[in-house]
Amino acid sequence: MYCTKCGAEVQEGTKFCNKCGAKLYNAADADKEDGEKMAHTSPAENANRDEQSGAGGKKKKGGVFSSKTQTCKRCGKTFESRKAVDFCPQCENLLKRREKDVEGYIFVAKDVYDEDHSGDEAYYDEVIAHRDAILEKHKVPAEFPNSTQLEAKIKNYQSLSKQEALFIMSTLTQYGLHSLGMDAIGHNLILPDLYYGTVAEMIDVFAVGFHQLGYDRKNGTEIVLYLLLTNDPYLPAFPMVTSLKVGSLQMKSRSGRKVYETFFTLICPNLAYPISRLKELKNLILESGTVRGNMSPDIAAKCINNAIKGNGMYSQCYGMAKIMEGFDFLSEDMEEFMNRHRLLSYDKVHEMMCGGNRRMRNFWTDMSLELSTEENGIEDAFEIFCDL
């Protein structure tokens, strides 16, 4: 038995859908309702109703509560439904899951290009292939232990060879994703929380601008939106929202400004513009009439205006700023996405390494110090920026 409103499968005899709450009807309900109506009408009215509906007062096929045989436009199978729908319940649920998986790309296409790809499975296939190609390059090596094995190795560090310990630390540094605001970001990859299911490579980012959203007086921080412009046609722009100590973005605070400039310069090796306020970045682009990236000036200006004014999906950045309260955390959807695609959470692993006794913490600290100067330089930038 299926819900006639949302298509969800429900147990026979259920009165209401467990998913959408719609009232469910079956043959017994229809007959009971007919009986109640006849009991409150005159014999003449009942006789007229019987004459119209057929002998014995039974409803003809095709009545309000009768099922109709329909053909699914996706799989071609026939199915019964009281409501005129295009897809069978199984295909309907599958399409909903697929749309959820790429909803971030759908939102971007609508916000930036004014294109609606809802229900467009060809577009789903296109962006999933694009995304999977990126993720394949940045997932942890196959020989890296799974979460259970990794936790055991970290705790039993004394049984590890130096080579094994350095492999764990080096992989964590290279592939681990930090939680920054509500986004997951690493040396080579970023997963924007606002656009669920999207990924971007840091080498594709060609411009970074910032805009102050407001203050969190409780924690003494200011909420800042960073807009990253990229050469990725499926994700040309996306925001990051984070908290910084009050005053760190003021022109007079050179030390605060230097921190995030160093951070973005390290993780975005192909920046074509100086890191600046969004209005300044917009003026640079419009004055030159060209964009030093894979984007038209009009699209760049539109993305920047949307970020400044909080239009479209960017309106959610203001809501995110209110619930952050100075903390960095990943949503359940983000964690599920990372687990499904074998992406490594730096924060969780680092917490394991620091959660034991002093000897264990010292051991993993020593392993970290033995990494290359370049790896440690980037990691130091992450730690300083994330602790602001």
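The values are calculated or read from the model by the stated rules, or taken from the named source; none is laboratory data. This is a predicted model, so every value here is computed, not measured. Methodologically, a virtual Cβ is constructed for each residue, glycine included, from the backbone with ideal geometry; neighbour enumeration extends over all protein chains shown.
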The listed residue being among the small types (Gly, Ala, Ser), in contact with a Ser or Thr (Cβ under 9 Å, 6 or more places away or on another chain) and at pLDDT 90 or above, out of Gly119, Gly104, Gly63: Gly104
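So, Asp111, is that one within 30 Å of Gly310 (Cα to Cα), in contact (Cβ under 8 Å) with a residue 60 or more places away in the chain, in contact with a Cys (Cβ under 9 Å, 6 or more places away or on another chain) and not hydrophobic (A, V, I, L, M, F, W, C) or not?
Values: within 30 Å of Gly310 (Cα to Cα): yes; in contact (Cβ under 8 Å) with a residue 60 or more places away in the chain: yes; in contact with a Cys (Cβ under 9 Å, 6 or more places away or on another chain): yes; not hydrophobic (A, V, I, L, M, F, W, C): yes.
So Asp111 passes the test.
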Considering residues of the range 278-307 that are polar (S, T, N, Q) and either touching a Leu at 6+ places or on another chain (Cβ under 6 Å) or touching a residue at least 24 places away in the same chain (Cβ under 8 Å) (or both) only, the residue surrounded by the most Cβ atoms within 10 Å (Cβ to Cβ): Asn306
Residues being surrounded by fewer than 21 Cβ atoms within 10 Å (Cβ to Cβ) and aromatic (Phe, Trp, Tyr) - total across the range 211-233: 1
Filter result for the condition that a residue is at pLDDT 80 or above, over 25 Å from the mean Cα position of the chain (by Cα) and farther than 25 Å from Ser345 by Cα, over Pro274, Pro233: Pro274
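Just need a number here: residues in the range 81-98 that are part of a helix (DSSP H, G or I) and out of contact with any Phe, Trp or Tyr (no Cβ under 7 Å at 6 or more places or on another chain).
Pass one, the range 81-98, residues part of a helix (DSSP H, G or I): 89-98.
Then keep just the ones that are out of contact with any Phe, Trp or Tyr (no Cβ under 7 Å at 6 or more places or on another chain); that gives 90-94, 96-97.
Matching residues across the range 81-98 total 7.
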All positions within the range 115-173 that are assigned to a helix (DSSP H, G or I), aromatic (Phe, Trp, Tyr) and over 20 Å from the mean Cα position of the chain (by Cα): Tyr157, Phe167
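Of Lys83, Lys77, which residue is touching a residue at least 40 places away in the same chain (Cβ under 8 Å), of a type outside the set (Val, Ile, Thr) and surrounded by fewer than 18 Cβ atoms within 10 Å (Cβ to Cβ)?
Numbers: Lys77 fails: touching a residue at least 40 places away in the same chain (Cβ under 8 Å).
Unique residue meeting the criteria: Lys83.
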Looking only at the range 319-369, and only at residues there that are within 13 Å of His178 (Cα to Cα) and of a type in the set (Asp, Glu), the one that is modelled with the lowest pLDDT: Asp328
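So, of the residues in the range 200-210 that are within 21 Å of Gly104 (Cβ to Cβ) and hydrophobic (A, V, I, L, M, F, W, C), which turns out to be surrounded by the most Cβ atoms within 10 Å (Cβ to Cβ)?
We begin by selecting, within the range 200-210, every residue within 21 Å of Gly104 (Cβ to Cβ); these are 200-209.
This time we only want the ones that are hydrophobic (A, V, I, L, M, F, W, C), so: 200, 202-203, 205-208.
Working: Ala200: 24, Met202: 20, Ile203: 14, Val205: 24, Phe206: 20, Ala207: 29, Val208: 24.
That would be Ala207.
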